[in-house]
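Only one structure is covered here, and it is reproduced in the block below.
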Amino acid sequence: MKNLKKELGDNVTYFPVPIDKYTNNKGITFEEECFKGNFSFGGSSFPAEELPISPIIYKDIPFNILNGKDVDNIELSNETNILVRAKKVEKVHFIGACCNGDFYTNVDIYQNHVHVGSDKLFFTDFLYSEPNYNDLPFFQFSCTHSKQGKYPHVKPTLWYNVIHLKEPTEITNILLYENLSMHIFALTLQYGEILK
Amino acid sequence: MMEFTIYKNKYHNCRNATISAMLKRLGVKLDYLWYQAGLYYKELPEKLVFSPYYRELPADFKQNHGINYNEEFVVDVNEFTQKLIHLVKSGHHTAIMVDIFHLPYSFYYNQNHDFHDIEVIEIRQDKAIICDHYYQYYGELSIADIRKAINSTKENFGFHECILYYFTLNDYSKNEYNSNDLLKVVKDNKYALLGEKKDDFSYFYGVEDSITGIQTLPIIYNKILSIFKLPQNEANLLLSEIYKEFKDISNSRYNLYIYLKNFSKDTLSKHFFELSQKWGITANLILRASLSQDITSLKDKVLKYILEIEQYEKMSVIKLDCEIQLLSN
């Protein structure tokens with residue numbers, strides 16, 4: 001895990017959290033396999049060809065998107081408890097999107113069994129280009145993949161949002177509550193200082 | 001061609017999105033137009049009706065906003081098409097109900113039948129310029145495709161007539177809203193949630209044999225429970241129909257949230273935001289169940305949310321009542 005750590009600037013360190021143990025949905029497809037996509041209930045997905053190679057840097061923050069995998073994101077169809085084991089975390093950065101509406105889910109952050117933070121994580125519907133909440137467009141695509149192929153009339157968006165902890169805190173678990181319309185594609189921890 | 005913008009608002013069904021687009025162009029303030037957040041349930045022989053509306057839109061628009069909602073119903077498709085062409089050429093942007101199965105730009109072209117509203121902007125010989133605000137398409141559609149798509153609403157959904165509508169403003173059309181308007185909306189929604197059958201609550205499917213207000217929720221709970229016990233295919237079909245109506249109820253709570261925010265009623269508006277989320281999540285669970293081969297795994301989640309919604313809707317009545325007290329003092 002250590003080699004994924006990315007140091008940027010003088011006093012900020014980022015750590016993209018591997019999420020492959022938790023992924024359960026295929027939201028990104030190449031055109032020849034777009035029938036496999038199941039991001040939306042109707043089988044729409046984001047076009048893989050358009051995404052840069054990971055880590056994708058957004059606002060200086062690196063994100064690992066599991067482009068090209070059989071499953072590439074976490075559909076929050078159940079409560080998801082992500083194990084992280086990290087010290088002095090200040091922020092948790094998320095890439096995600098919703099299908100069939102704009103939604104939020106509650107996020108609780110723990111240090112072992114001690115609750116150290118919580119917030120609401122908002123994401124806008126993937127079929128829109130303007131955010132409905134405090135999220136920001138991470139990547140805007142030129143077309144949507146449907147089960148049948150390219151659909152150029154709708155240009156979907158992957159969104160960015162962030163949760164702040166009150167102070168740099170050791171954390172062990174990020175608990176994302178169930179909301180089957182919400183999908184998480186990547187999350188990256190931000191430390192307050194360079195970890196030696 | 002005139003400058004034209006697609007109206008994007010995911011908190012409307014296709015009809016309300018089309019209506020909003022057309023009214024926005026006439027200068028109507030949309031944030032004060034959508035506020036009906038009641039509850040209505042009725043079992044018809046051909047379908048189950050769940051609805052947030054307690055007043056039909058033409059009456060609501062006329063009484064409270066000075067907007068004429070002009071509707072025309074024509075049996076013959078050719079006569080209807082001629083009427084449509086005449087109206088558009090005489091300067092009225094006109095909305096029509098079509099079947100998405102025959103719309104070449106649609107996700108659902110030659111795949112799925114569903115009735116849907118689009119706006120016709122301009123007629124050019126054998127083509128129309130249309131705007132599908134809901135599916136975000138602006139461009140050409142041949143008159144032949146339009147005719148097919150209109151006719152299909154009769155063939156596939158049992159409508160006896162083709163439907164078009166357009167809007168005009170009265171001399172007394174309203175563009176300023178104040179606390180008296182707010183008080184009326186808050187009162188109407190409270191009465192609607194209490195299930196009171198007021199004279200100007202002209203429920204589209206009538207009050208006879210219907211259930212209105214929060215009393216609807218235990219009935220909805222039992223109905224959903226009984227649907228989950230049906231054979232898979234029957235249950236899938238019913239759930240896909242119910243999904244749209246739950247989504248519309250979710251939208252109604254969101255639109256009331258926006259309405260209340262305009263009057264800086266932050267606490268009350270947040271309550272309706274939370275309600276729109278709960279109805280929206282439930283709608284999506286129902287949609288997932290409608291597409292699933294294993295609906296039983298979703299049954300408990302749907303029922304849990306309906307119980308939560310019942311508690312929240314009971315709180316709505318109390319919160320609306322508190323607001324009435326505040327506004328009346």
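The values are calculated or read from the model by the stated rules, or taken from the named source; none is laboratory data. Worth saying up front: this structure is predicted, and the values here are computed from it rather than measured. For neighbour counting, all protein chains shown are included, and Cβ atoms are generated from backbone atoms with ideal geometry for every residue, glycine included.
Which condition breaks for residue B:318 when tested against (1) of a type in the set (A, V, I, L, M); (2) in contact with a helix residue (DSSP H, G or I) (Cβ under 7 Å, 6 or more places away or on another chain); (3) under 30 Å from residue B:182 (Cα atoms)?
Evaluating residue B:318 over (1) of a type in the set (A, V, I, L, M); (2) in contact with a helix residue (DSSP H, G or I) (Cβ under 7 Å, 6 or more places away or on another chain); (3) under 30 Å from residue B:182 (Cα atoms) leaves (2) as the failure.
With the structure loaded, tell me whether residue B:229 is exposed (fewer than 15 other Cβ atoms within 10 Å of the Cβ) and closer than 19 Å to residue B:328 by Cβ or whether it fails that test. Explain how you work it out, then say what you get.
On the way: exposed (fewer than 15 other Cβ atoms within 10 Å of the Cβ): yes; closer than 19 Å to residue B:328 by Cβ: no.
Answer is no for this residue.
Could you tell me whether the stretch A:93-105 includes any residue that is closer than 21 Å to residue A:166 by Cα, within 14 Å of chain B (Cβ to nearest Cβ) and touching a Phe, Trp or Tyr at 6+ places or on another chain (Cβ under 9 Å)?
yes
Restricting to the stretch B:107-126, and then to whatever is touching an Asp or Glu at 6+ places or on another chain (Cβ under 8 Å) and buried (at least 21 other Cβ atoms within 10 Å of the Cβ), can you tell me which residue is nearest to residue B:168 (Cα to Cα)?
B:119
Identify all residues within the stretch A:134-155 that are in a loop (DSSP other than H, G, I, E, B) and more than 11 Å from chain B (Cβ to nearest Cβ); write none if there are none. Outline the logic, then answer.
Of the residues in the stretch A:134-155, the ones in a loop (DSSP other than H, G, I, E, B) are A:134-135, A:141-143, A:147-148, A:152-155.
Hits for the stretch A:134-155 are A:134, A:135, A:141, A:142, A:143.
Mind telling me which of the residues A:124, A:144 ends up being in contact (Cβ under 8 Å) with a residue 40 or more places away in the chain, within 30 Å of residue B:298 (Cβ to Cβ), crowded, with 23+ Cβ neighbours inside 10 Å and in contact with a strand residue (DSSP E or B) (Cβ under 7 Å, 6 or more places away or on another chain)?
Working: A:124 fails: in contact (Cβ under 8 Å) with a residue 40 or more places away in the chain.
Result: A:144 is the single residue among A:124, A:144 that is in contact (Cβ under 8 Å) with a residue 40 or more places away in the chain, within 30 Å of residue B:298 (Cβ to Cβ), crowded, with 23+ Cβ neighbours inside 10 Å and in contact with a strand residue (DSSP E or B) (Cβ under 7 Å, 6 or more places away or on another chain).
So, of the residues in the stretch B:285-316 that are of a type in the set (S, T, N, Q), part of a helix (DSSP H, G or I) and surrounded by fewer than 17 Cβ atoms within 10 Å (Cβ to Cβ), which turns out to be nearest to the other protein chains (Cβ to nearest Cβ)?
Filtering the stretch B:285-316 for residues of a type in the set (S, T, N, Q) gives B:290, B:292-293, B:296-297, B:311, B:316.
Still in the list and also part of a helix (DSSP H, G or I): B:290, B:296-297, B:311, B:316.
Within this subset, residues satisfying the condition of being surrounded by fewer than 17 Cβ atoms within 10 Å (Cβ to Cβ) are B:296-297, B:311.
Working: B:296: 15, B:297: 10, B:311: 18 Å.
For the stretch B:285-316, the residue satisfying everything is B:297.
Can you name every residue in the stretch B:118-162 that is among the β-branched types (Val, Ile, Thr) and assigned to a strand (DSSP E or B)? Please lay out each step first, then the result.
Pass one, the stretch B:118-162, residues among the β-branched types (Val, Ile, Thr): B:118, B:120-121, B:123, B:129-130, B:143, B:146, B:150, B:153.
Selection gives B:118, B:120, B:121, B:123, B:129, B:130.
Kindly indicate the residue of the stretch A:47-95 that is in contact with an Asp or Glu (Cβ under 8 Å, 6 or more places away or on another chain), surrounded by 19 or more Cβ atoms within 10 Å (Cβ to Cβ) and in a loop (DSSP other than H, G, I, E, B) and also modelled with the lowest pLDDT among those meeting that condition.
Among residues in the stretch A:47-95 that are in contact with an Asp or Glu (Cβ under 8 Å, 6 or more places away or on another chain), surrounded by 19 or more Cβ atoms within 10 Å (Cβ to Cβ) and in a loop (DSSP other than H, G, I, E, B), the one modelled with the lowest pLDDT is A:77.
Name every residue in the stretch B:134-178 that is within 14 Å of another protein chain (Cβ to nearest Cβ), at pLDDT below 95 and crowded, with 16+ Cβ neighbours inside 10 Å, in order of residue number.
Those that are within 14 Å of another protein chain (Cβ to nearest Cβ), at pLDDT below 95 and crowded, with 16+ Cβ neighbours inside 10 Å: B:134, B:135, B:136, B:137, B:138.
Is at least one residue of the stretch A:101-119 part of a loop (DSSP other than H, G, I, E, B) and without any contact (Cβ under 8 Å) to a residue 60 or more places away in the chain?
Looking only at the stretch A:101-119, we keep the residues that are part of a loop (DSSP other than H, G, I, E, B), and these are A:101-102, A:112-113.
From what is left, the residues that are without any contact (Cβ under 8 Å) to a residue 60 or more places away in the chain are A:102, A:113.
The answer is yes, given that some residue of the stretch A:101-119 is part of a loop (DSSP other than H, G, I, E, B) and without any contact (Cβ under 8 Å) to a residue 60 or more places away in the chain.
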